[in-house]
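The values are calculated or read from the model by the stated rules, or taken from the named source; none is laboratory data. These numbers were taken from a predicted model, which means no experiment stands behind them. Quick reminder, even Gly has a Cβ in these numbers, built from the backbone with ideal geometry, and neighbours come from all protein chains shown. Each accessible area value is taken on the protein alone, full model and side chains, heavy atoms only, with ligands, DNA and RNA left out. Shrake-Rupley method; radii C 1.70, N 1.55, O 1.52, S 1.80 Å.
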Amino acid sequence: VTHWHSPYFFAYFPAASSFPALLADMLCGGIGCVGFSWAASPACTELETVMLDWLGKMVNLPEEFLAGKDGQGGGVIQGSASEATLIALLAARTKTIRQVQSEKPELTEAEIMGRLVAYASDQAHSSVERAALIGAVKIKSVPSDETFSVCGSALKKVLDEDKAAGLIPFFVMSYRESSCGTLGVTIACYLSTFFPRGSCFHSSTAKANIVIHIISTWVLSSFIIQFLFIRSQFADSFNFNPHKWLLVNFDCSAMWVKKRSDLIGAFKLEPLYLQHHHQESGLVTDYRHWQIPLGRRFRSLKLWFVLRMYGVKGLQEHIRKHIRLSHQFEHLVLQDERFEICAEVVLGLVCFRLKGSNELNEALLKSINDAKKIHLVPCHLREKFVLRFAICSRTVESTHVKFAWQHISQLATDLLKTWGQNHHQQ
């Protein structure tokens, strides 16, 4: 098995785990409810509504995304960010089709579908493209700049060209977290703004009634330390994964919508055997209308257990510790002139490489993973093959980071000796 919770696991992203989360999952299995509706298990539904409001406040989400007592928004726990992306896209597709048909009744649904276009950064995660594939709509990549951010003018240019060609822009996915750590790119985990930069983006999307979905599977957790700000007035939905950095074990992907009626309106079906007398009143909601599957587990239990046991301060310290360790590794890399840092280190991820060819770095990664002392995975930043060092485990300490660097450094020394000899012979 690959031990994701080993302190020597530095690949992919944190896979959260903690005693209260594991205990809650056991209790969830013991209770065994299938929470497709409020009537099927009132506590399963109501606790989730309250927990998503708690979590939303912790990460500074604006009031309009919370259910509260009279709010139009609200949160739901999905299985993964991929599910949340697909749900948001399908809801936006339904909303746009109905809107266009009301304005142009002569157009059939098939004609409208053929003209719909979704947009994402060229650094976006593959799940974004997959959502468009399943949703049967076109998707276009918007080029990013040297900081892996999308400029508003770049998006506006693509939107204007597509509208002039008779296409219907309807959905913008801001999934930035692929490799750098941007609010970012999974690749680089940067801290950039959630939205393409430039006021032209905001005006052009508002005029076109384009739905904006923000996905930050890893980085949004850091909002609980409150040094970031969400420019929310342009977003329609948010999604991030507490199961990556908030000590809640998989699966727990939190999604919020500004208008839950848009989501429910796309998926609501009411067969007699699922109806009850308390539908959509107060805290009563039926989460089967918010998701792809009908049934659902009591996932909010583990969120509740973790929040009650660690508290906001405990979770803040967990994240700050990971950030400190990533900067420790960055400092070690910068002391060795053979290596370079490839993206700004802001949160819990360091993108680095040996100065040299992609082939050299591919060989280094292979030697690291073949040795089986630590585990890393790569990414591409522009045309460069880059190694990602992610601070993952709840139990990782400074000693593990130092060991990892010493191991990488020694393997690099060995590799460069043989690499130089082989290339000299050639």
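Going by what's in this entry, would Leu55 be described as buried (at least 20 other Cβ atoms within 10 Å of the Cβ), touching a residue at least 24 places away in the same chain (Cβ under 8 Å) and within 23 Å of the chain's Cα centre (by Cα)? Considered against the rule, which asks whether it is buried (at least 20 other Cβ atoms within 10 Å of the Cβ), touching a residue at least 24 places away in the same chain (Cβ under 8 Å) and within 23 Å of the chain's Cα centre (by Cα), Leu55 comes out as yes.
Residues are listed down the side, and each one gets a yes or a no for (1) modelled with pLDDT of 95 or more; (2) in a helix (DSSP H, G or I); (3) open to solvent by 10 Å² or more (accessible area, probe 1.4 Å):
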site: Pro293; (1), (2), (3): no, no, yes
site: Phe298; (1), (2), (3): no, no, yes
site: Gln316; (1), (2), (3): no, yes, yes
site: Ile319; (1), (2), (3): no, yes, no
site: His322; (1), (2), (3): no, yes, no
site: Phe329; (1), (2), (3): yes, yes, no
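With respect to the stated conditions, Phe403 is open to solvent by 30 Å² or more (accessible area, probe 1.4 Å) and either β-branched (Val, Ile, Thr) or at pLDDT 90 or above (or both).
Among the residues making up the stretch 5-41, a single one is aliphatic (A, V, I, L, M), buried (at least 17 other Cβ atoms within 10 Å of the Cβ) and assigned by the TED database to the domain that holds Ile77: Ala40. Out of the stretch 98-119, which residues are open to solvent by less than 10 Å² (accessible area, probe 1.4 Å) and either hydrophobic (A, V, I, L, M, F, W, C) or closer than 30 Å to Gly35 by Cβ (or both)? Correct list: Ile112, Leu116, Val117, Ala118. Within the stretch 87-96, the set of residues being over 19 Å from the mean Cα position of the chain (by Cα) and closer than 12 Å to Ile210 by Cα comprises Arg93, Lys95, Thr96.
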